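Right, one structure below, let's go through it.
What follows draws every value from the coordinates through simple rules; no lab data is involved. Predicted model only: the values in this text are computed from it and were never measured. Because the Cβ atoms are built from the backbone with ideal geometry, glycine has one as well, and the counts that use them run over all protein chains shown.
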Amino acid sequence: MNNPQIADRLDALASLLELAEANPYTTRAYRRAAETIRGMPTPVAELVRTGRVRELRGVGPGIEARLRELVETGEIAELAELERELAPDLVGLGRYLGLGARRSVQLARALGLRTADELREAAAAGQLRNVPGIGPKTEAQILEALAREADSRPRSGTLLNRAIELVGGIAEALGGEPAGDVRRWRDSCEALAVVCAAADPAPILARFVELPQIVALVEQEERRAVGVTVEGVPIELVTAAPERLGTALVRATGAPAYVAALEPLPDAPDEEAVYRALGVPWCPPELREAPFCGEPPALVEPRDIRGDLHCHTTWSDGRTSVEEMGRAARARGYDYLAICDHTPAVGAVRGLTADDIRRQAEEIAAANAVLAPFRVLRGIECDILPDGRLDLADDVLANLEWVQASVHGGQRMPEREMTKRVEEALRNPSVRCLSHPKGRYINRRPENALNLERVFEVALEEGVALEVNGLPPRLDLSGEHVRDALRAGVEIVCSTDAHSVAGLGNMGLSVATARRGWATAADVVNTRPLGAILGG
Ligand SMILES: [Zn+2]
Ligand SMILES: [Zn+2]
């Protein structure tokens, strides 16, 4: 059993415990352990066998016992029992149709339903109104949702990192390839798809239904099916005869408008052959949003990145020391890493004062003595106060090697004030980069009211770069805004804002987001050697 499989089972257990209204601390603990395990380079099964799994962050005796059971027997008895009792397929279908998980469980219990099909039958037979708490209005909503089940869409998308795991795991299990929004690296994925080559589609469709990630089918045809996860996320499986695999991939990858503009697509075994037959240059998936058939630019690649310019350590809210972060960045093949811990105004977590910064500089110097020629840079993520001043004195900032400026508190400001606030900060000669410029949290918090056009003008005048923050719920600037920034002549920085060694792995998400904004290596500051960063 590999790490992603173990993590999936812990996640499933957390989802079902949530439905069973277990202690929220318990469910959160399972989710956190799942996240840790997913990011681990070493096989967790091995750690369980050698009794060392408790060394992992967030793994206590309770979770260790579950992991031992899972590794030794291949399943977790409590999970199997919850799956029997709570009918996850019904919950998955319910969520997909827009019903809350509790409501689905309530329906299942009241009507003695076990499966998604039984829910459909009960609804058709008019039994839903017999359930306490289901009024005529809710019944009508459910019936309507069931009627348009086939083209129902989830209400909010799945974050890119989770979608990559989900679709990647299913593609791997079926020997297929990830497609849909994931392959275009959309920040919030709605169309999740896997494409498989198969002369005979039946065995693959049968395996798809049996996957632990898929709890119910909402559509099934000869060559394709749509399944849902326990979270109600729909996943499309497309099978294509091997001689038409490329055609199916192009169709399942591009946004509808992009694909429509290329139709009719010729049959071909791989994508290159499809594009060749069309007489159109091959197009990177990240650019397949709007119709485009020209020569794509040479987009920035992950291997172009020479260093990470935004990360945290135990000095603020990070979980790893300066030296460990530096070592991990060096192991990634980077030349440099800027430590950018918070300043006091951030509030919720510890922030560094001028005195802390002096002491941290000693620790950085010691790390550099060990890690040379790799360089750890003395940086800061300095809060922009509500009036546009920075949270540290100018002479302290001037002494640092890399200064990020960030809006954290007071994000509800009207546009004029917010734009003025950011503009003011960018005028400070020490500021090199504006962090997560729009301040969004995908599906959770709207963007700050910030006039980006004005920010681009000032950034260009002051030689300040804009960040493409790689935290999965941020991805800020978005691809669309990266494109606007580049058109305005502004440079970008691809950063992870890592709070742990594993967090450094989000560089791929940042680079992909930059690619969605048509960025080339020349547009990205941290594709340059250390001298260019220090000389800037
Ligand atoms: Zn920040
Ligand atoms: Zn940060």
The answer for the per residue Cα convex hull volume of the stretch 19-136, in Å³, is 121 Å³
With a point put 7 Å past each Cα toward its Cβ, work out how far residue 32 is from residue 80 in nm, to one decimal. 3.0 nm
Relative to the chain, whose Cα atoms define the longest principal axis, helix 322-331 and its Cα axis are tilted in degrees, nearest 10, by 70 degrees
List the residues whose amide H sits under 5 Å from the amide H of residue 384, counting only those 5 or more places along or on another chain, with H placed 1.01 Å from N in the peptide plane. 406, 407, 408
Working from the pairwise distances between different alpha carbons, so that the mean of 1/r is found and then inverted, what is the stretch 442-504's Kirkwood radius in Å? 12.6 Å
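Between Rg and the Kirkwood Rh of the stretch 295-444, both from Cα atoms, what is the Rg to Rh ratio?
For the stretch 295-444, the value is 1.00.
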Positive end of the charge dipole of the chain (Lys, Arg +1 and Asp, Glu -1 on Cβ, about the Cα centre): tell me which of 196, 104, 61 has its Cα farthest that way. 61
What is the calculated FRET efficiency for residue 243 to residue 190, with r their C-beta to C-beta distance and R₀ = 41 Å, to the nearest 0.05? 0.85
Apply the Debye scattering formula to the stretch 179-272, with a single equal point scatterer on each alpha-carbon and no solvent, then give log10 I(q)/I(0) at q = 0.14, 0.18, 0.25 Å⁻¹. -0.52, -0.84, -1.32
FRET efficiency for residue 484 and residue 331, using Cβ-Cβ distance with R0 set to 45 Å, rounded to 0.05: 0.80
Tilt relative to the chain, helix 415-426 - C-alpha long axis, 0 to 90 degrees, to 10: 50 degrees
How big is the C-alpha Rg of the stretch 70-172 next to the rule-of-thumb value 2.2 N^0.38 Å, as a ratio? 1.24
How large is the helix-only mean residue ellipticity at 222 nm for the chain, computed as the sum of -39500 (n - 2.57) over DSSP H runs with n ≥ 4, divided by its residue count, in deg cm²/dmol to the nearest 500? -13000 deg cm²/dmol
By the mean-Cβ-within-10 Å protection proxy, highest first, 128-139, 229-240 rank as 229-240, 128-139
For a quick check: sort 283, 382 by the number of other beta carbons within 10 angstrom, fewest at the front. 283, 382
Residues 455, 228 arranged by fewest to most Cβ contacts within 10 Å: 455, 228
Across all directions of projection, what mean area in square nanometres is found for the Cα convex hull of the stretch 187-236? 3.7 nm²
Helix 354-371 against the longest principal axis of the chain: what's the angle in degrees, Cα atoms only, rounded to the nearest 10? 80 degrees
In nm, the gap between the two label points placed 7 Å beyond Cα toward Cβ at residue 55 and residue 521 is 3.8 nm
Place a label point 7 angstrom from the Cα of residue 387 along the Cα-to-Cβ direction, then list the residues of the stretch 353-377 whose backbone nitrogen is under 17 Å away. none
At a Förster radius of 30 Å, what calculated FRET efficiency corresponds to the Cβ-Cβ distance of residue 394 and residue 449, to the nearest 0.05? 0.60
Which loop-located GluC sites (Glu not before Pro) does the stretch 284-366 contain, where loop means any DSSP state but H, G, I, E or B and the Cβ has at most 13 other Cβ atoms within 10 Å? none
Given the Cα-Cα distance of residue 1 and residue 263 and 0.36 nm per residue of separation, how much length would full extension add, in nm? 90.1 nm
From the phi of every residue in the stretch 210-225, what ³J(HN,Hα) in whole Hz does the Karplus formula 6.51 cos²θ - 1.76 cosθ + 1.60 yield, where θ is phi - 60° and glycine or proline is x? 7, 4, x, 6, 9, 9, 7, 9, 10, 8, 8, 10, 4, 10, 8, 8
Extension length gain for residue 270 and residue 350 (0.36 nm per residue less Cα distance), in nm, is 23.6 nm
Per residue, what volume in Å³ does the Cα convex hull of the stretch 412-473 take up? 76 Å³
Sorted on mean Cβ neighbours within 10 Å (highest first), peptides 22-33, 157-168 come out as 157-168, 22-33
Over all directions, average the projected area of the Cα convex hull of the chain and note it in nm². 26.9 nm²
Please work out how much length the chain gains when fully extended from residue 417 to residue 219, using 0.36 nm per residue of separation minus the C-alpha to C-alpha distance, in nm with one decimal. 66.3 nm
